[in-house]
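Below: one structure, written as structure tokens.
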């Protein structure tokens, strides 16, 4: 990145705070290729014709490795190659001429069946490692995208060693050595991720622990039992796996999609391997087809699948009442004969219990996490591999030590009290009152979605009294001390129960909903109906808190209610805040893009944009932009920025002199596009409001999903063994030629803490490293509903919440929707949450977002 006006300067390091050293979860690559590595296109063709779809990566790698073994000393001249299991391979030396195609034949024994393949290699590119060297030295002409091929080659070279002993998926490798069974035919495996990572004037191998869900190998019948929550006698499955029982069938179909199986029975030679493509509509004793008996040619009759197995193979099915699974050839196999192939990764969505098991399994204390990383490096001894050495790699044996600093915490103020400095990133509300009370609750209602015998009315009334008392002590006024309490059936139409609870003379400002469980569907329905139909604030809570009213819980509930009703809970001391901003009026904005779950291609991606509405940056309003499914870049950012500029002026009576924009949801390879495209959108938004209006713009990218971890030395950590809040790393392992830093803004509760990685992509304000790091860290103490600092800067945190809430009001949840006019072009105009803009007839956008009601716009309803 250039150091011209508006762009951050290179090699800008902070000096503020207490200095200390930390371990990083990476080892230095002491030596890497200096010359050229050759990239090849790989085409594998079976004798029977081209693949319609490439087989599983594991199989492709076996075929490729067998080919290398057979031809390495002849046609490959002893040159090793590494393969990505799809269409790309790398070699440290040229194996064929630039315009040649090298053909290699292979007779491959696939579990007793001989398969013939032809492998064609064609040189696709010459990877010049001199470009990587230039990048590491911070040369402004080289971008992250320019070095990606070099990093890929190094990752594949190192990964080729690990694939021999571990199940590998992209850059992650797992083993059953440390595993845990969970429900639903799955088990959790522990492993590691490896990737080459650029640093300042050096290259690192980043190593991090990882966990994943794997299919339990063995009987498919046992797995089916687990999926529907049964154990013991498979006869219990009678009537469960049918198209009428959609709840169970949805789970089963999600589990089976693409799963590889072995099927064996007396009528077949050995085991047959296939990939599941679907299931029968009915049980095998009901599913019929036309069959011609080989012993009676020309005579076809209708029989069931169960009858076919009896007639064809003399096998009487034990469980003919079960459905069958089918492959791409539409062959049908009884579940009782199927076994799940080992080493298959589960790509579906985990349910609540599986997710809980995953969190528990993955949670490792920092010292244990670091020990495991050091152990894997010692055991695998990657630097001694002949392939790694052939690519010119040499690795350090110890984890890197890097310099860090601990920034001072800000001074926090509440209403009616002096400022105080939080210790360890946390504080409590004892003897504190909110900075600014929101609109008083003059009319509100309570809806209990549970039976009165389970949640008695006296207990609810007692809780309400405690909540009212705590709110008043905290400085938020509730004038209606005895709200209407009603009960509803959680198994009935939730929307009707909500409507009945709020029907009356006056419309409630808030509906407090007591939920008996953490059922996501009920929660989403409550939020959807409150946002899009009732147009009122809603606050959900679990019924377990009703039984014994807890002062701290009620206090936390008060913070959420106050924020939704227009209040401010805490501030950074104003003098300090203004000094950080050099007394310039600043609009803080955050943007995130969220995508549908894997497999949900018909649902849109959603970009959420939030902007501050106070001079102190303590309150925010939201807008939404609908994007094509899995699209990353925001197309209609200009309209959203215009809306927030106008709203800021309306609420503060000031025009922003500066915009600090935190952008989440992009990868490093997309930085240039974001800077060049979205920065222009922001600038155009400013220019469109007033001729010559050019506020300073500081644009930062925010990455939370990365694999860098840091471990304190000696006694420098907190009580959990993690880095203390305020720890910042901005050198050695950061990105060459850029201003970026890792920040621990929060105190970890358990496990190994992950810092947030911030990149300064553009900076008209010319903030120093100390200034931008301190500003970002101190903002993390202003999150509206927490009495602790948070790990993510609040504008982005709010954008996450807005996008998450948007998923609660999609059209496919059964609510009607009025299509926007074409003029809105994708922006939720007017109040900020109104419309969509999609290509006519675009099947990917069949699902639309419903607008929230006007009454909630410009409020922090998403809290």
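In table form, for the structure just shown:
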quantity: Dimensionless Rg over Rh [region 479-519; C-alpha; Kirkwood]; calculated: 0.97
quantity: Value in Å of the Kirkwood radius, where region 164-253 supplies the Cα pairs that are averaged; calculated: 15.8
quantity: Sequence ranges 585-594, 425-434, ranked by mean other-Cβ count within 10 angstrom, highest first; calculated: 585-594, 425-434
quantity: Net lengthening on full extension, residue 65/residue 545 (0.36 nm per residue, minus Cα-Cα); calculated: 166.9 nm
quantity: Separation of the residue 217 and residue 43 label points, Cα + 7 Å toward Cβ, nm; calculated: 3.5
quantity: Label zone at residue 257, where the point sits 7 Å out along the Cα-to-Cβ direction: region 278-298 residues whose backbone N lies under 14 Å; calculated: 278-279
quantity: The chain: relative contact order as a whole-number percent, Cα under 8 Å and 6+ apart; calculated: 14
quantity: Expected 222 nm ellipticity per residue - DSSP helices of 4 or more, -39500 (n - 2.57), all of the chain, to 500; calculated: -7500 deg cm²/dmol
quantity: Relative contact order of region 437-564, defined on C-alpha pairs under 8 angstrom at six or more residues apart (%); calculated: 37
quantity: 759, 319 arranged by Cβ crowding within 10 Å, fewest neighbours leading; calculated: 319, 759
quantity: Isotropic mean projected area of the C-alpha convex hull, region 246-316 (nm²); calculated: 5.9
quantity: Projected area averaged over orientations for region 286-341, convex hull of C-alpha atoms, nm²; calculated: 4.5
quantity: Computed P(r) (all Cα pairs; region 691-754; 10 Å bins; percent); calculated: 18, 43, 22, 11, 5, 1
quantity: Ranked packing of 169-177, 794-802, most packed first, by mean Cβ within 10 Å; calculated: 794-802, 169-177
quantity: Ordering of 673-680, 624-631 by packing [mean C-beta count within 10 Å, highest first]; calculated: 624-631, 673-680
quantity: Percentage, to the nearest whole number, of Cα pairs in region 359-403 over 14 Å apart; calculated: 62
quantity: Net length gained if the chain between residue 313 and residue 36 were fully extended (0.36 nm per residue, minus Cα distance); calculated: 93.8 nm
quantity: Projected-area average for region 638-795 over all orientations - Cα convex hull basis, square nanometres; calculated: 10.7
quantity: Length gained when the stretch residue 499-residue 649 is fully extended (0.36 nm per residue, less Cα-Cα span); calculated: 50.4 nm
quantity: Percent of alpha-carbon pairs separated by more than 23 Å within region 218-341; calculated: 29
quantity: Kirkwood Rh, Cα atoms: Rg over Rh of region 390-480; calculated: 1.35
quantity: Viscosity 1.567 mPa s, 4 °C: Kirkwood-radius Stokes-Einstein D of the chain over Cα pairs, µm²/s; calculated: 42
quantity: Ranking of 620, 40, 777 by count of other Cβ atoms within 10 Å, fewest first; calculated: 40, 777, 620
quantity: Cα extents of region 437-564 along the three principal axes, largest first (Å); calculated: 37, 29, 26
quantity: Calculated FRET value between residue 401 and residue 454, using beta carbons and R₀ = 51 Å, to 0.05; calculated: 0.35
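No lab work stands behind these numbers, since they all come straight from the coordinates. In this text the structure is predicted, and so the values were computed from the model without any measurement. FYI the Cβ positions are ideal-geometry reconstructions off the backbone, even for glycines, and counts take in every protein chain you see.
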